[in-house]
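The values are calculated or read from the model by the stated rules, or taken from the named source; none is laboratory data. Source: prediction; values computed, not measured. Virtual Cβ from ideal backbone geometry, glycine too; neighbours counted across all protein chains shown.
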Amino acid sequence: MDQGKLLDQLIDTVVKEGGSDIHLSEDRSPAIRVSGILVPLVKLAPMTREQMEGLLSLLMTPENKKNFFELKEIDFGISKNNARFRGNAFYRLGKISIALRLIPSKIRTLKELNLPEILEFFAKKQQGFFLVVGPTGHGKSTTLATLIDMINSDRLEHIVTIEDPVEYIFEPKKSIIDQREVKVDTVGFHRALKSIFRQDVDVLMIGEMRDPETIATAVTAAETGHLVLSTLHTNTAAQTIDRIIDSFPADQQDQIRVQLAASLAGIFSQRLVPRISGGLIPAYEILLNNSAVANLIRDKRTHEINTVIETSSGDGMVDLNRSLANLVQNGEITVENAYLFSTNPKMLEKII
């Protein structure tokens, strides 16, 4: 089977099975991920070098392919067979591998994603800094896309996204949406962020904050009347705040603490946990920035934020262990998986 027909077959399979990823590697049979489980397609022959290089030509622009051979790895986006993928090509032991993440064509609602209604509160804010955090592959981009689509549907705003690569494609509804891809529409995140102050932007979505310059500009944008949404690969709200502050030199950390305490709207940390009935369901932690949280950030007491979350359910905050315990009690997930995904299993033991 030639690589074009094979790619079409794999795309059709992953879409039909409700899968999330396709893995293609030289000297290995293709595999797909369904409900979090990797499924090797052993009936298909291992990929050859010729097939992998052919796939690179099908999936990438000539410039991206050239950069891949020079840099040995590259991120890219591709639309094919009415499906969109975020991809990464890389070498391992001198052999080519490609990972493709399926981006659903339909942007789902909070209810369809089993996400809490309180996220609407952040989508309605006029300004502030809101972060969706969690491990890779646990739905951060999907949650952000849902929030952007809510704003797009309800408000007359100018929305700009800066992504590497562009994932969900938004159709303008009430809002104007300009999606910018790093290395295609702008040379980098920091350069694009500096430009938003002259683009009459209301809402800014940053695909990922990768360096102090990007973080500093995003915080400044939130302070100056913009709603800024972004992601980080962190596990908890407290860890997220520490990661942001620690990314700056020591002599700048006090300033970023003050700025973050004033501009932060909230942090949503999520995990996708295997569901007993099949598929995945989110467990989450929600931090809302109030005067108590802001004081802890300014006073270098972020280690106390977990206690604030645990004791502030009446204000809309949600502790991850409480979220996991509720899923167990509702028969959605197993106790074993609750412990596996908990960041504090000893505390979970007390409430489960």
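Can you name the residue in segment 257-267 that is outside any strand (DSSP E or B) and either modelled with pLDDT under 95 or not hydrophobic (A, V, I, L, M, F, W, C) (or both) and, of all such residues, is surrounded by the most Cβ atoms within 10 Å (Cβ to Cβ)?
Of everything passing the filter in segment 257-267, S263 is surrounded by the most Cβ atoms within 10 Å (Cβ to Cβ).
Checking the conditions here, which among M205, M150 is surrounded by 20 or more Cβ atoms within 10 Å (Cβ to Cβ), touching a residue at least 12 places away in the same chain (Cβ under 8 Å) and under 23 Å from I267 (Cα atoms)?
Working: M150 fails: surrounded by 20 or more Cβ atoms within 10 Å (Cβ to Cβ).
Exactly one residue qualifies, and that residue is M205.
Within 28 Å of I169 (Cβ to Cβ) and not assigned by TED's automatic domain parsing to the domain that holds G279, is that true of V42? Before the answer, list the steps.
Details: within 28 Å of I169 (Cβ to Cβ): no; not assigned by TED's automatic domain parsing to the domain that holds G279: yes.
Answer is no for this residue.
Condition first: under 28 Å from R275 (Cβ atoms) and part of a loop (DSSP other than H, G, I, E, B). Can you find one or more residues in segment 82-92 that meet it?
yes
Looking at this structure, is L56 assigned by TED's automatic domain parsing to the domain that holds A99 and more than 16 Å from T13 (Cα to Cα)?
The answer is yes for L56.
Just to be sure I understand, how many residues within segment 172-191 are more than 21 Å from E63 (Cα to Cα) and among the small types (G, A, S)?
1
Only one of H190, H233 is within 20 Å of the chain's Cα centre (by Cα), in contact (Cβ under 8 Å) with a residue 24 or more places away in the chain and surrounded by fewer than 16 Cβ atoms within 10 Å (Cβ to Cβ). Can you tell me which?
Just one listed residue meets the conditions, H233.
Considering (1) small (G, A, S); (2) modelled with pLDDT of 95 or more; (3) part of a loop (DSSP other than H, G, I, E, B), say which one G225 fails and leave the rest.
Just one mismatch for G225, condition (2).
Inside segment 239-260, can you point out the residues that are small (G, A, S) and closer than 20 Å to T136 by Cβ?
S247 - this is the single residue of segment 239-260 that is small (G, A, S) and closer than 20 Å to T136 by Cβ.
Can you work out which of the residues in segment 171-187 that are in contact with a Lys or Arg (Cβ under 8 Å, 6 or more places away or on another chain) and not basic (K, R) is surrounded by the fewest Cβ atoms within 10 Å (Cβ to Cβ)?
Filtering segment 171-187 for residues that are in contact with a Lys or Arg (Cβ under 8 Å, 6 or more places away or on another chain) and not basic (K, R), the one surrounded by the fewest Cβ atoms within 10 Å (Cβ to Cβ) comes out as T186.
Can you pull out the residues in segment 236-289 that are more than 17 Å from the chain's Cα centre (by Cα), within 30 Å of Q329 (Cα to Cα) and charged (D, E, K, R)?
The answer is R275, and nothing else.
Do the conditions hold for Q259, that is, is it more than 16 Å from I215 (Cα to Cα) and touching a residue at least 12 places away in the same chain (Cβ under 8 Å)?
No.
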